[in-house]
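The values are calculated or read from the model by the stated rules, or taken from the named source; none is laboratory data. Note that the coordinates shown come from a computational prediction; the quantities given were computed from them, not determined experimentally. Don't worry about glycine lacking a Cβ; one is built from the backbone with ideal geometry, like all the others, and counts go over all protein chains shown.
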Amino acid sequence: MKTSIKKLRKFFRLEAERDYDNKAVMGGLANILSSWELEAREDELPEQIIQAVISRLRDYHRLSEESREVALKGIWKRVNKESLQDKKRDKVNLPTDKPAPVPQQISEPPAQKKEPSQPKQKKQQVEKTVTPPAEKLDFDTPVNSIKGIGEKKTAALTRMGISSIRDLLYTFPRRHDDYSKLKPIGSLWFGEEVTVIGTIDSVSTRSVRGGKMKLVEAMVSDKSGALRVTWFNQPWLEGQLSRAKHVVLSGEIEQYLGRLTMNNPEWEPLSNEQLHTNRIVPVYPLTKDITQKWLRGVLHDTVQKYGPSIEDPLPDQLRSSISLPVLSTAIQEIHFPDSDQSLQKAKQRLAFDELFLLQMGVLKQKKQWENRPGQVFDSPDVWINSRLEQLPFQLTKAQIKTLTQVREDLCSGHPMNRLLQGDVGSGKTVIAALAALIVVRQGAQAAFMAPTSILAEQHFQSLKKLLGNNPDEIKENEITLLIGSTPEDQKEQIRKKLSQGEIKLVIGTHALLQEPVEFQNLQLAIVDEQHRFGVEQRGTLRQKGNNPHLLVMTATPIPRSLALTTFGDLELSVIDELPPGRLPVETHVLFPREIERAYSLVRRQVDKGNQAFIIYPLVEESEKIDEKAAVEEFSRLQKEIFPSYSLGLLHGQMRPDDKESVMTLFRDKEIQILVSTSVVEVGVDIPGATVMLVEGAHRFGLAQLHQFRGRVGRSDQKSYCILIPGNAEEIENQRLQAMVETNDGFVLAEKDLEIRGPGQFLGTRQSGYTELKLASITDLKLVEQARQHASELFRQDPELSQENHQKLALAVNQFWTLKNSGDIS
Ligand code: ADP
Ligand code: MG
């Protein structure tokens, strides 16, 4: 038995003896990885086994004892099986999982390749499969092993995130320029992109702009005519050009003083294969010390050498059903395409891969979560109905449906993993409150996390009211608030009570996540306004319990493409109905000079007994200047605009208890007009408010604006949202116009996604999709296709343990390691 395998066996046995407490090795089992990996490589264990061991052990500490046992047994089974197969393989001399020897795809000869040398070469390779060539092609080879890549270039490439051959192959061109249209100089037209071949008649350099700039000028001619060509600030070209004699130039034809010229064209000396010109030319992203020409050259060599050996992780059957080229062809074609058509096919194939691998990971996580055991919390109909009767309102149909789903999850025996989506004001809080009640009445604990202390405080008040009627289920002193500003001695008390189980329901902010906070028995984690939290934060809260139920809530509608990707591992409930009697909020965009109209609307509404928000146009709450400006603006409004009304001020720098008292005064209608920064953006519930006036509105995102608007229209009173951009030109701002056009959060979300792209839309912390280079998460058709194929494959072979899925298993692993955000829920 190989040493590395023996070692695994030793540690796994120890761990089993200790009932999987992760103490067989000091500091946890993951600590063996770095040395084990080296040994395993020395032992030449198959790469996918190494990867599997690494990925399981790395997260081992996060698993429950039961899951650890399953994990170790699973790895062991695979190691065993694989090392047997490995032996067999050695005998028949088949290529191993390393893309090394000659895994040329026989299934589809790349038909588009025109170079005559190619097919011959391939044939030879196919025939040679039985005897691997002397040189092994390893895609993990560091780039500095390539000839001509020294320290400086390695450093520059590293900055671009390129360290291995694989990275290099997956550095896709930003665009391609089609220079494949060769033309005689005599028939050029202004404005066209062409390639010409000519002789250099003369080269000279001169200074222009008072010596600030050097201009290299060449006259190039062919039989049909001559062309002036210039390059700016590349004085070294003079020497190169005069040595070259015959050159190929590609670029756009421009005009200078009535004559045709080319400025800064791509060029190279005439040779047999025109790499930089006379073809569809890739244009790569660059960094300091890396030039286009150089990178193109390196990629050309690399693609030629490695491209044909790239193995396709997709099972043949799947690949042929989507009728896309094999991976090897796709990689070669995306760099140096033979035609626009083959380029498009290559892009499609690679985009499909990204989404497909993404889906495989998402489904795997979903499955893993579903397989864990969860505590059963039942909620008999009779009991729940009596609680519903105590509510101050009747639940809407959509709320009831959602509540039913939550109740089913809670008694399923597996942890709930549910995303509750409902537009602003649709009444999500009450569902969360009832879920908490179901859990705490059976003695367990629940935590409710909100993104701001204002919101946490509000939830604390309303949950106490909603749940406080039944002291046999939860007493008032068993509900508590924990936010950053809670005094340290109280925090200490709360922590103690949480760890002893005396507090049943805690409502709070990020403060809940902090290290010393421990629960005796956390069984339900609720995250409100989940888009305000990072993926990790959700995970951290969940880890405070043992496979607790999870309910995340959002008002940001999730377009379907995202529901299948970013949130693909969550079950989705939608509250698609507002409580009865709500009127749509009337929205207007006004010119800055019309602000007086907005003020008089505020006065009229307040005179009727309603309330108003005025959002102060500063977004950066953290800055001191803002505080000063907000305070000044507030006193101006109080003195000059609304002297006879009662105004309140709220901003991020205020002391927490001051914030709280302002909010309380506002809720109690002691304050009629609240001047605020964007701290009131999410969640705040003031049913009496009917005007939302947003100044500097062009600075806010669509999702934010919709959230602001959601602060009003929470009663049966007609409400208004007035948006005033900072300057008149912004009146045409697409986001502001979109707000006027619709009240439908879903439509706005789709629009937002379109305008801003998914990273921004989700907040960069959340998107986690840096590995998507070609695919767009908004490409619903491709996303659905990938999802469908992934689900199908997943149904057949969830563990990807079948022989013909090994390459895929490896690719999935690689993709998810790169993404380095293992836990996306
Ligand atoms: P959101 O979904 O934006 O979090 P909230 O849970 O804050 O919405 O609810 C908005 C307001 O609607 C609150 O004042 C809440 O008490 C009220 N509400 C919730 N459900 C109903 C209902 N079924 N009928 C009437 N009012 C409701
Ligand atoms: Mg809410």
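Observations on the structure shown:
- For first residues located in the range 370-384 and modelled with pLDDT of 95 or more, partners that are among the hydroxyl-bearing types (Ser, Thr, Tyr) and lie 6+ apart or on another chain with Cβ distances below 8 Å form the pairs Val376/Ser412.
- Of all residues in the range 399-426 being more than 23 Å from Gln543 (Cα to Cα) and more than 28 Å from the chain's Cα centre (by Cα), the one that is nearest to ligand 2 (Cβ to nearest atom): Gln399
- Members of the range 434-452 found to be surrounded by fewer than 24 Cβ atoms within 10 Å (Cβ to Cβ) and within 22 Å of Glu660 (Cβ to Cβ), listed by number: Pro451, Thr452
- Residue within the range 552-570 that is out of contact with any strand residue (DSSP E or B) (no Cβ under 8 Å at 6 or more places or on another chain), modelled with pLDDT under 85, hydrophobic (A, V, I, L, M, F, W, C) and assigned to a loop (DSSP other than H, G, I, E, B) present: yes
- The number of residues in the range 176-207 being surrounded by 12 or more Cβ atoms within 10 Å (Cβ to Cβ), part of a strand (DSSP E or B) and modelled with pLDDT under 90 comes to 11.
- Candidates Thr742, Thr770, Thr690, Thr764 - the one that is at pLDDT 80 or above and either crowded, with 23+ Cβ neighbours inside 10 Å or under 30 Å from Lys345 (Cα atoms) (or both): Thr690
- Of all residues in the range 586-611, exactly one satisfies the criterion of being touching a Gly at 6+ places or on another chain (Cβ under 8 Å) and in a helix (DSSP H, G or I), namely Pro592.
- Filter result for Ala555 (buried (at least 24 other Cβ atoms within 10 Å of the Cβ), away from ligand 2 (no atom under 16 Å from the Cβ), more than 15 Å from Asp569 (Cβ to Cβ) and in contact (Cβ under 8 Å) with a residue 24 or more places away in the chain): no
- Pairing residues of the range 563-585 that are more than 18 Å from Asp744 (Cβ to Cβ) and small (Gly, Ala, Ser) with residues that are within 16 Å of ligand 2 (Cβ to nearest atom) and part of a loop (DSSP other than H, G, I, E, B), at Cβ distances under 9 Å and at least 6 apart in sequence or on separate chains, gives Gly581/Ser715.
- Checking the stated criteria, Glu476 turns out to be more than 28 Å from Asp744 (Cβ to Cβ) and more than 16 Å from ligand 2 (Cβ to nearest atom).
- Verdict on Ala432 being over 14 Å from Phe377 (Cα atoms), within 9 Å of ligand 1 (Cβ to nearest atom) and of a type in the set (A, V, I, L, M): yes
- Test: Gly609 is farther than 17 Å from Leu736 by Cβ and more than 16 Å from ligand 1 (Cβ to nearest atom): yes
- For the range 665-687, the candidate set comprises residues that are within 15 Å of ligand 2 (Cβ to nearest atom) and crowded, with 23+ Cβ neighbours inside 10 Å; within that set, the residue that is nearest to Gly427 (Cα to Cα) is Gly683.
- Selection count where residues are outside any loop (DSSP other than H, G, I, E, B), at pLDDT 75 or above, over 20 Å from Gly361 (Cα atoms) and not aliphatic (A, V, I, L, M), scope the range 34-60: 5
- Residues satisfying the stated conditions in the range 140-167, i.e. among the β-branched types (Val, Ile, Thr) and either touching a residue at least 24 places away in the same chain (Cβ under 8 Å) or exposed (fewer than 15 other Cβ atoms within 10 Å of the Cβ) (or both): Thr141, Val143, Ile146, Ile149, Ile165
- Breaking point among (1) hydrophobic (A, V, I, L, M, F, W, C); (2) within 21 Å of Val424 (Cβ to Cβ); (3) at pLDDT below 90, for Ile731: (2)
- If you go through the range 214-233 and keep only what is surrounded by 15 or more Cβ atoms within 10 Å (Cβ to Cβ), over 16 Å from Arg259 (Cβ atoms) and free of Cβ contacts under 8 Å to residues at least 24 places away in the same chain, you end up with just Lys214.
- Hits in the range 455-488 (condition: under 36 Å from the mean Cα position of the chain (by Cα), more than 13 Å from ligand 1 (Cβ to nearest atom) and touching a residue at least 60 places away in the same chain (Cβ under 8 Å)): Glu457, Ile483, Gly484, Ser485
- Here Ala447 passes the criteria (1) modelled with pLDDT under 95; (2) within 33 Å of the chain's Cα centre (by Cα) except the one numbered (1).
- Test: Val527 is within 16 Å of ligand 2 (Cβ to nearest atom), at pLDDT 90 or above, among the aliphatic types (A, V, I, L, M) and buried (at least 20 other Cβ atoms within 10 Å of the Cβ): yes
- Residues that are surrounded by 13 or more Cβ atoms within 10 Å (Cβ to Cβ) and assigned to a helix (DSSP H, G or I) within the range 11-30 comprise Phe11, Phe12, Arg13, Leu14, Glu15, Ala16, Leu29, Ala30, listed in sequence order.
- Residues considered: Arg667, Arg711. Of these, the only one that is among the basic types (Lys, Arg), out of contact with any helix residue (DSSP H, G or I) (no Cβ under 6 Å at 6 or more places or on another chain) and under 30 Å from Gln737 (Cα atoms) is Arg711.
- The set of residues from the range 392-429 being within 8 Å of ligand 1 (Cβ to nearest atom), touching a residue at least 60 places away in the same chain (Cβ under 8 Å) and not basic (Lys, Arg) comprises Phe393, Thr396, Gln399, Gly422, Asp423, Val424, Gly425, Ser426, Gly427, Thr429.
- Single unsatisfied condition, Glu354 versus (1) in contact with a strand residue (DSSP E or B) (Cβ under 9 Å, 6 or more places away or on another chain); (2) modelled with pLDDT under 95: (1)
- Long-range neighbours under 7 Å by Cβ, at least six apart or interchain, first residue within 14 Å of Val424 (Cβ to Cβ) within the range 735-757, second modelled with pLDDT of 85 or more and outside any helix (DSSP H, G or I): Met739/Thr587; Met739/Leu723; Asn743/Pro584; Asn743/Val585; Leu748/Thr742
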